[in-house]
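J.: One structure follows; several queries about it will come next.
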Amino acid sequence: MGSLGWLGRDVITVLDFTREDLEVLFTEALNMEKYAKSRLNILNGKVLALAFFEPSTRTRLSFETAMLRLGGSVIGFSGVEATSMAKGENLADTIRMLDAYADAIVIRHSIEGAAKFAAEIAASPVINAGDGSQNHPTQAMLDLYTIWREFGTIDGLSIGILGDLRYARVVNSLIQALSYYRVRLHLISPEPLKPRRELIEFMNSRGMVYDWTDDPYRVINDVDVLYVVRIQRERFPDPMEYERVRGTYKVDLKLIEKAKPQMVILHPLPRVDEIDFAVDNTHHAKYFKQASLGVPLRMALLKLVLGGES
Amino acid sequence: MSNKKELIISKIRDGIVIDHIPAGRALLVLRILGITGREGFRVALVMNVESHKLGVKDIVKVEGRELTRDELNLVALVAPTATVNIIRNYDVVSKFKVVVPDVIEGLIKCKNPRCITNQQREPVKSRFRVVSREPLKLVCDYCGTIHELSDIERSLGIA
Ligand SMILES: [Zn+2]
């Protein structure tokens, strides 16, 4: 599939875009880093609607900041307002309303496929800020951008993904994005949180090189990037099992002692206790950097989708 | 065409004959078409008859009802070898082999309860993409969940 570019496009999954598209985005994001603390006026008069049916302060604020930095304005709802809204009218009607008001819609929803459905209804571009446990494309774009920026390349890297590989939506989108590159994947999780069948079949269909282990110590010395996601207690049928394994998946100084010197640790944040605070002070910790790049990355995305001239 | 088969077809005045159904799947085909027998129109069902092509086959005849293209495509999901004869005034006016379509809309329910297509208040129809025909594998276009023949049968209340 050839590149359709970004202008006016819906952003529902990473797979809607090509590797070439992603690299256009990264280059633009690099440019936007210069303006992430100032104000451009390239989206003057444009309105972005933020429809957060499920809370996600971090993602919402980074979209909001990005739009304001570009000179545009933001409308929308989240939290209690979103809950009462969802009781009153259906998603389709809410999207029709926002479509009438805004130039683009960012949606976060707990139901799988909600963003795609919204995109079918709205004439304006719809950007998926997370739906169900499947897709969170702008997070994956940010993850890849961070890696690209750290290493100057993504091809040839060895990437460990540690934590809940079954329910964490960022994992699905991250692996989709990585499928455009020649990487080696080490998947690390407790047995009950292994990747689901859909993801395994996806990796096979793309000819991706991957293995799985339940022991981070077995692969830590091979990874260039260690991507950590949270393991939630609720995912374990037996709480005793959770207590037994949680220590194994904690990223601490003992684990990273065995890592390559240039290895970087990423995390979509917020974290609970899956990365020891002591790790924050090591040069491996790049998750705060990663989070700070969320604004320029989303500035680039909004500029490309909404067609701002700089 | 054998005399036997002509005999079966010629009994219908207006309707359809679905031939070359894999043996034992005739009931499944009826269920897929939503035919319970209580609708009032005449239905005939022949199971395990000899077939040149298949060895043994089933045949379904429905009088007084034509099938839409979508319904026929759904038959292909469980009876990929089926052929359809449309009969008007005792004549076969068209005959074709059903094919599993690339996209199936509104006919099967997604098995993922968290899928947008299972939300009662939303005006959305299910949509599946066929990723493999043999063995049959469909993917929900909204949530990405993989569905196999057994899931389709379950969705139709058969399994
Ligand atoms: Zn679905």
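J.: Out of the residues in the range B:101-154 that are away from the ligand (no atom under 11 Å from the Cβ) and of a type in the set (S, T, N, Q), state the one that is farthest from the other protein chains (Cβ to nearest Cβ).
T.: By that ranking, first place goes to B:Ser150.
J.: Separate question: Out of (1) surrounded by 15 or more Cβ atoms within 10 Å (Cβ to Cβ); (2) free of Cβ contacts under 8 Å to residues at least 12 places away in the same chain; (3) not aliphatic (A, V, I, L, M), the odd one out for A:Trp212 is which?
T.: Result: A:Trp212 passes all but (2).
J.: Can I ask one more? Conditions first: (1) assigned to a helix (DSSP H, G or I); (2) farther than 26 Å from B:Ser126 by Cβ. A:Gly156 passes all but one, so which condition is the exception?
T.: (1)
J.: Residues that are among the β-branched types (Val, Ile, Thr), farther than 18 Å from A:Leu157 by Cβ and part of a strand (DSSP E or B): does the range A:261-275 have at least one? Before you say what the answer is, go through the steps one by one.
T.: Just the residues of the range A:261-275 that are among the β-branched types (Val, Ile, Thr), to begin with: A:264-265, A:272, A:275.
Narrowing the set further to residues that are farther than 18 Å from A:Leu157 by Cβ leaves A:272, A:275.
Among the residues that remain, those that are also part of a strand (DSSP E or B) are: A:275.
Yes, the conditions are met somewhere in the range A:261-275.
J.: Would you check which residues across the range B:49-87 are in a loop (DSSP other than H, G, I, E, B) and under 19 Å from B:Thr36 (Cβ atoms) and list them?
T.: Residues satisfying the conditions are B:Gly64, B:Arg65, B:Glu66, B:Leu67, B:Thr68, B:Ala79.
J.: Moving to a separate point now. Would you tally the residues in the range A:112-134 being within 12 Å of chain B (Cβ to nearest Cβ), among the aliphatic types (A, V, I, L, M), surrounded by fewer than 24 Cβ atoms within 10 Å (Cβ to Cβ) and touching a Lys or Arg at 6+ places or on another chain (Cβ under 9 Å)?
T.: Within the range A:112-134, residues that are within 12 Å of chain B (Cβ to nearest Cβ), among the aliphatic types (A, V, I, L, M), surrounded by fewer than 24 Cβ atoms within 10 Å (Cβ to Cβ) and touching a Lys or Arg at 6+ places or on another chain (Cβ under 9 Å) number 1.
J.: Taking B:Phe96 and the conditions (1) more than 14 Å from the ligand (Cβ to nearest atom); (2) in contact with a Ser or Thr (Cβ under 9 Å, 6 or more places away or on another chain); (3) part of a helix (DSSP H, G or I), which numbered condition does it fall short on, given that it satisfies the others?
T.: (3)
J.: Here is a further query. Restricting attention to the range A:41-70, and to residues there that are surrounded by fewer than 17 Cβ atoms within 10 Å (Cβ to Cβ) and either among the acidic types (Asp, Glu) or more than 24 Å from the chain's Cα centre (by Cα) (or both), which single residue is farthest from the other protein chains (Cβ to nearest Cβ)?
T.: So, considering only residues that are surrounded by fewer than 17 Cβ atoms within 10 Å (Cβ to Cβ) and either among the acidic types (Asp, Glu) or more than 24 Å from the chain's Cα centre (by Cα) (or both), the one farthest from the other protein chains (Cβ to nearest Cβ) is A:Asn41.
Coordinate-derived values only; no laboratory data. What you are looking at is a predicted structure, and each value in this text was computed from that prediction instead of being measured. Virtual Cβ from ideal backbone geometry, glycine too; neighbours counted across all protein chains shown.
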